[in-house]
Amino acid sequence: SGSTLAGFLEAENLSFIALDLDSRRVREALADKKKVVYGDAAKREVLMAAGLMRAKALVISYKDKHSALAILRHTKELRPDLPVVVRTNDNTHVEALKAAGAAEVVAEVLEGGVMLASQAMLMAGVPITRVIRRVQENRARRYAAFSGYLSGVQNDLSDMNESLQSRFHSVLLKEDSVATGKKLGEMGLSALDVEVNSLRRHNVRGAQPSEDMILQEGDVLVLLGLPEALHLAEARLHKG
């Protein structure tokens, strides 16, 4: 989760420094020109040296309740205004961490459940904007920082006509499907404004397959597009 967080921060050109007690990870990060240093974040002097007094936010991305509580205690003493986001495994210690000063606590199990549900809804053909709205509603209930902003976004999404919303749709190629044995590009799906998001073959998923790929019986094409376009694309794959 720390490396994922770093990727987002770098994409936004937000400067940061990461502390890690794993010397191997630190060496690998430095070799990759990442801003990671060896140090125990639970120690007051280490936090100070890392720039606690200049920070705009602090994230505890590893799951150690005792260390997290120590960091929160130091932060409360030195920078009571600094928002701290804490990662935890489940809801067990959420209240204790918030009582200690955490602005938000992200429970890994709950976030995993949200992403699992969203992927299931997408693959079941639920419109993407509706999936986004469900995820936003769930997070707004749990994270105070999102609640006010997301209510406006949800209203915007609710006003959209579902027939004008893209969604995923899976098509299984059969032996007698016109597309079987042909190159993907020959089917002209892009002309229908339908994107082939991925192709599953023998339980192996390939993202954005090549136009030159020869389609086979049993292939599952995961299409992305508007409902009417998806209907036409499926008909073209099966009947030409």
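Figures for the structure shown
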{"quantity": "Restraint check, 76/98; 35/65; 63/98, Cα-Cα greater than 19 Å", "calculated": "35/65"}
{"quantity": "Burial ordering of 115, 121, fewest other beta-carbon atoms within 10 Å first", "calculated": "115, 121"}
{"quantity": "Gained length - residue 57 relative to residue 228, 0.36 nm times residue gap less alpha-carbon distance", "calculated": "57.0 nm"}
{"quantity": "GNM top mover of 101, 206, 125 - the chain, alpha-carbon springs below 10 Å", "calculated": "206"}
{"quantity": "For region 38-85 and region 209-238, distance of Cα centres in Å", "calculated": "51"}
{"quantity": "Relative contact order for region 2-108, counting Cα pairs under 8 Å that sit 6 or more residues apart, in percent", "calculated": "19"}
{"quantity": "Cα Rg, Dmax, region 2-108, angstrom units", "calculated": "13.4, 39"}
{"quantity": "Nearest-0.05 FRET efficiency for residue 17 and residue 108, computed from C-beta distance (R0 30 Å)", "calculated": "0.80"}
{"quantity": "Sequence-distant residues sharing a close amide H with residue 106 (under 5 Å, placed H)", "calculated": "86, 87, 88"}
{"quantity": "Residues 193, 20, 81, 32, sorted so that the one with the fewest Cβ neighbours within 10 Å comes first", "calculated": "81, 32, 193, 20"}
{"quantity": "In nm, spacing of pseudo-spin labels at residue 217 and residue 204 (7 Å Cα→C-beta vector)", "calculated": "2.0"}
{"quantity": "Rel. contact order, % - alpha carbon contacts under 8 angstrom, at least six apart, the chain", "calculated": "12"}
{"quantity": "Which labelled figure in (i) 23.7, 71; (ii) 17.3, 50; (iii) 18.3, 53 is Rg and Dmax of the Cα atoms in Å, once derived from the coordinates", "calculated": "(i)"}
{"quantity": "13 Å Cα-Cα reach of residue 33 towards aspartates and glutamates, excluding residues that sit fewer than 8 places from it in its own chain", "calculated": "10"}
{"quantity": "Gaussian network model of the chain, Cα within-10 Å springs - most flexible of 13, 197, 89", "calculated": "13"}
{"quantity": "Over the chain: helical MRE at 222 nm, DSSP H runs n ≥ 4 each giving -39500 (n - 2.57), nearest 500", "calculated": "-13500 deg cm²/dmol"}
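Values quoted throughout were computed directly from the atomic coordinates according to the rules given, and no laboratory measurement underlies them. What you see is a predicted model, and the numbers here were worked out from it, not measured in a lab. Glycine gets a Cβ as well: all are built from the backbone with ideal geometry, and neighbour counts include every protein chain shown.
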